Amino acid sequence: MLERSHPPLLEVDRLSRHFPVRGFLGRRVATLRALDDVSFTMEDGEVLGIVGETGSGKSTLGKTLMGIHAPTAGEVRLGGTRIAAPGLRRAASVRARLQYVYQDPGASLDPRWTLRRSLHEPLRIHTNWSRDRREAKVQEIVAAVDLPRTHLDLYPHEISGGQLRRAGLARILVLNPQLVILDEPTAGLDVSVQAAILALLRELRREFSLTYIVISHDLAVVRSFSDRVAVMYLGRIVEIGPTAEVFGGPRHPYTRSLLAAAPRVGGPRVTESFLLLGEPPDPLQLPWGCRFRTRCRLAMPECGGLAVQLDYEAGHGVACPRWRQWDMGHRPAPPGSEAPWPHR
């Protein structure tokens, strides 16, 4: 086996982010485990898609990687250098290399500033360049994202949603980042505008040698855009692997349920193929063992006593110790027959 000549671009090791829940007089009454024991690596130039239901921890993961949230446990390394751990302060140089594109592109733009001033501001903070040099860089990036130069003198409310996305991309590209976290990059856009934004992201990836983490509810976007995909449920990754394998042969019951819920032209109705049972459990009272067992048709009593970890086979990881049984056709009987339903 060949040894690595360099570390992965991004290494996430058992990363957790817990939020205290306060009650009367500010007393801590519970803990919300929004992100819990997440580990994965990314290579330079890769695109990793993150999918899952609302509340699965996708955005918390992105914001903890970015440094918006401080980790409760675990650590993050960028290019072999530790950039996040409990109590570790992030350097300004790291903030320039790792950038976050918000779901609402206007959130990163001051409504009182023109686009030109918003694009100059990151360069004023992170460089000592002259105004002329900053302006040259801004003009270069604006051209790269196909935003008319005349728009630099406009305010955010004066441009369209698609142009706001381009302005948001321009604002983070002026710093030449290595890793860009895209939070719902096509949400709220017309289909034609979505296609244009995805084409732009692909072109920017080639031109600026970018690595992307794409957080999205849109499975079609993730499938067409990502090299690998990670599926999250209640703060944990339950399946991760090459996109073609995860979509073509999902191993975790939750992944199969997500794919079954996606409408397909000419396919069965969602109500005929949807596999999830009930509602997600209370995030303040998570089930023991496998967190998905209370909604899984294949769950057995022993699933409540297992410390479930990702089990990798040929680069495809799944957090279900029984996936080999039902994947080979030896599926347990459904609830209500001879297989007992797990204690909830």
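The values are calculated or read from the model by the stated rules, or taken from the named source; none is laboratory data. Remember, predicted model here, so these are calculated numbers, not experimental data. As a convention, Cβ positions derive from the backbone with ideal geometry for all residues, glycine included, and neighbour counts pool all protein chains shown.
Scanning segment 64-73 for residues that are among the polar types (S, T, N, Q) and in contact with a Ser or Thr (Cβ under 6 Å, 6 or more places away or on another chain) turns up at least one hit.
Within segment 198-218, the set of residues being more than 20 Å from Gly79 (Cα to Cα) and crowded, with 18+ Cβ neighbours inside 10 Å comprises Leu200, Leu201, Leu204, Ile215, Ser216, Asp218.
Gly74 meets each of the listed conditions (1) at negative phi; (2) touching a strand residue (DSSP E or B) at 6+ places or on another chain (Cβ under 8 Å) apart from (1). For segment 92-102, the criterion of being under 23 Å from Ile197 (Cβ atoms) and either over 18 Å from the mean Cα position of the chain (by Cα) or in a loop (DSSP other than H, G, I, E, B) (or both) is met by at least one residue. A count restricted to segment 109-148 and to residues that are surrounded by fewer than 18 Cβ atoms within 10 Å (Cβ to Cβ) and more than 19 Å from Leu200 (Cα to Cα) stands at 19. Scanning segment 71-83 for residues that are at pLDDT 95 or above and assigned to a loop (DSSP other than H, G, I, E, B) yields Pro71, Thr72.
Let me confirm something: among Val29, Val51, Val101, Val38, which residue is in contact with a strand residue (DSSP E or B) (Cβ under 7 Å, 6 or more places away or on another chain), in contact (Cβ under 8 Å) with a residue 60 or more places away in the chain and more than 23 Å from Gly315 (Cα to Cα)? On inspection, the qualifying residue turns out to be Val101.
Taken as a whole, the condition of being in a loop (DSSP other than H, G, I, E, B) and over 17 Å from Ile181 (Cα atoms) applies to Arg89. From the list Ala307, Ala314, the one residue that fits, being modelled with pLDDT of 75 or more, among the hydrophobic types (A, V, I, L, M, F, W, C), within 27 Å of the chain's Cα centre (by Cα) and not assigned by TED's automatic domain parsing to the domain that holds Asp227, is Ala314.
Of the residues making up segment 245-277, those that are more than 16 Å from Asp218 (Cα to Cα) and either modelled with pLDDT under 75 or of a type in the set (Lys, Arg) (or both) are Arg251, Gly266, Gly267, Pro268, Arg269, Thr271, Glu272, Ser273, Phe274, Leu275, Leu276, Leu277.
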